[in-house]
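First the structure, in the form of structure tokens, and then the observations on it.
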Amino acid sequence: MRVCALAGGVGGAKLSAGLQEVVAPGALTVVVNTADDFDLWGLRICPDLDTVMYTLAGISNPETGWGLAGESFDALGMLARYGEDTWFLLGDRDLATHVLRTARLRAGETLTTVTGALSGSLGVRSAVLPMSDEEVSTVLKTPAGLLEFQEYFVRRGQRDEVLGVELRGVGEARPTDAVLEALAAADVVVFCPSNPIVSVGPILALPGMREALASSSAPKVAVSPIVGGRALKGPADRMLASLGHEVSAAGVAAIYEGLVDGMVIDRVDVEERAGVEALGMQVLATDSVMRGAQDRARLAREVVEFGAGLAAG
Ligand code: FO1
């Protein structure tokens, strides 16, 4: 059973870790959003790729979900001493990832090649793929003006109302051959419980991506990141509301209408079943909140079994 998962940061990484547990070694490919990526002190930072990579390697920080467990921040302390604004928390060991990635990108390697080498060195037994080798960056329209994604998310603590989303560079970017091959080879495609607007959204916005999904014969299943009308993590609930979407599992399903065959919603949202089915999707209502490794593996198993039993639309 080959599974191809589409993922953003922490929520996507958690379900990916569960999927890695329940499929055969090497049978999982995770296609990761790179529109949160940015440059800081000359280094290329790819937060979602690293979150997925560290989580699949079993070395992520269990409290935050991003960064490394047992991390120290001495380099950042020194940067602060030099008068730098250290709003983005880069740990000492995490910095090694950014230093090496930046050097190899500058030497002409693609992000796909570099990510494969890094995750291979960390012992990750799944393929971690950037959605594209071209740069795409999310810029948010807010009452405070246009904000780059990490400016909005970390520096300003997601306090601004999001009135619009611009994906700079997406028109010129392409899904990589590795991404297209993984989709074509998959037996099930899983849309992880990541923000549908700024995490899965950029992946779907790549030219050719919707067509690649439509032409894949694999059933497609999405897991709702909205449970009981609230985002499991991050600002997805407020973002959906300010952009005119319904803040519910059914609201997420509406965004994925025509793209997925099945929707996994939480038991607490079971009354939304008929609304989701009306969009042409089958529904699995289960416990979807992943509190630990056991939850991840159990949910992943249910998602794969549900997906495998669906006919692709
Ligand atoms: N998220 C934060 O909320 N604050 C941080 O200081 C922060 C640092 C950071 C460093 C490396 C990394 O890979 C991720 C980091 N994140 C941080 C998470 C990240 O910005 C977001 O989770 C994603 O971009 C949204 O998916």
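The values are calculated or read from the model by the stated rules, or taken from the named source; none is laboratory data. Keep in mind the model is a prediction, meaning the values are calculated, not measured. Here Cβ is always computed from backbone atoms with ideal geometry, including for glycine, and neighbour counts include all displayed protein chains. We work out accessible area using only protein heavy atoms, side chains counted, and drop any ligands, DNA or RNA first. Shrake-Rupley method; radii C 1.70, N 1.55, O 1.52, S 1.80 Å.
To keep it simple, each residue is scored yes or no on (1) in a loop (DSSP other than H, G, I, E, B); (2) within 13 Å of the ligand (Cβ to nearest atom).
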| position | (1), (2) |
| --- | --- |
| 63 | yes, yes |
| 66 | yes, yes |
| 78 | no, no |
| 87 | yes, yes |
| 93 | no, yes |
| 97 | no, yes |
| 102 | no, no |
| 109 | yes, no |
| 113 | no, no |
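With respect to the conditions (1) under 23 Å from residue 17 (Cα atoms); (2) at pLDDT 95 or above; (3) open to solvent by less than 40 Å² (accessible area, probe 1.4 Å), residue 181 falls short on a single one, namely (3). Determine, yes or no, whether residue 12 is near the ligand (Cβ under 10 Å from one of its atoms) and open to solvent by less than 10 Å² (accessible area, probe 1.4 Å). So residue 12 fits the description; yes. State whether the residues of segment 68-76 include one that is surrounded by 17 or more Cβ atoms within 10 Å (Cβ to Cβ), within 10 Å of the ligand (Cβ to nearest atom) and under 17 Å from the mean Cα position of the chain (by Cα). No, every residue in segment 68-76 fails to be surrounded by 17 or more Cβ atoms within 10 Å (Cβ to Cβ), within 10 Å of the ligand (Cβ to nearest atom) and under 17 Å from the mean Cα position of the chain (by Cα). Scanning for something touching a residue at least 24 places away in the same chain (Cβ under 8 Å), closer than 23 Å to residue 305 by Cα and of a type in the set (A, V, I, L, M), does segment 162-172 turn up at least one residue? Looking for residues that are touching a residue at least 24 places away in the same chain (Cβ under 8 Å), closer than 23 Å to residue 305 by Cα and of a type in the set (A, V, I, L, M), one finds none in segment 162-172, hence no. If the condition is being more than 24 Å from residue 267 (Cβ to Cβ), surrounded by fewer than 17 Cβ atoms within 10 Å (Cβ to Cβ) and at pLDDT below 95, then segment 216-243 contributes only 217. Can you name every residue in segment 229-280 that is within 16 Å of residue 161 (Cα to Cα) and not charged (D, E, K, R)? Within segment 229-280, 231, 234, 235, 236, 239, 240, 241, 242, 243, 244, 245, 247 qualify. Taken over segment 27-58, the residue count meeting the criterion of being more than 15 Å from the ligand (Cβ to nearest atom) and touching a strand residue (DSSP E or B) at 6+ places or on another chain (Cβ under 8 Å) is 3.
The residue of segment 277-292 that is modelled with the lowest pLDDT, among those that are surrounded by fewer than 14 Cβ atoms within 10 Å (Cβ to Cβ) and over 19 Å from residue 228 (Cβ atoms), is 292. Apart from one condition, residue 246 fits all of (1) outside any helix (DSSP H, G or I); (2) surrounded by fewer than 15 Cβ atoms within 10 Å (Cβ to Cβ); (3) acidic (Asp, Glu); the exception is (2). Somewhere in segment 131-149, is a residue closer than 30 Å to residue 270 by Cβ, open to solvent by 20 Å² or more (accessible area, probe 1.4 Å), of a type in the set (D, E, K, R) and not in a helix (DSSP H, G or I)? So far as segment 131-149 goes, no, none of its residues is closer than 30 Å to residue 270 by Cβ, open to solvent by 20 Å² or more (accessible area, probe 1.4 Å), of a type in the set (D, E, K, R) and not in a helix (DSSP H, G or I). Kindly provide the set of residues from segment 153-197 that are within 16 Å of the ligand (Cβ to nearest atom), over 20 Å from residue 259 (Cβ atoms) and in a loop (DSSP other than H, G, I, E, B), ordered by number. Result: 156, 157, 158, 159, 160, 162. Scanning segment 249-282 for residues that are farther than 21 Å from residue 195 by Cβ and not in a helix (DSSP H, G or I) turns up 261, 278, 280, 282. Just one of the numbered conditions (1) open to solvent by less than 40 Å² (accessible area, probe 1.4 Å); (2) small (Gly, Ala, Ser); (3) within 16 Å of the ligand (Cβ to nearest atom) is not true of residue 117: (3).
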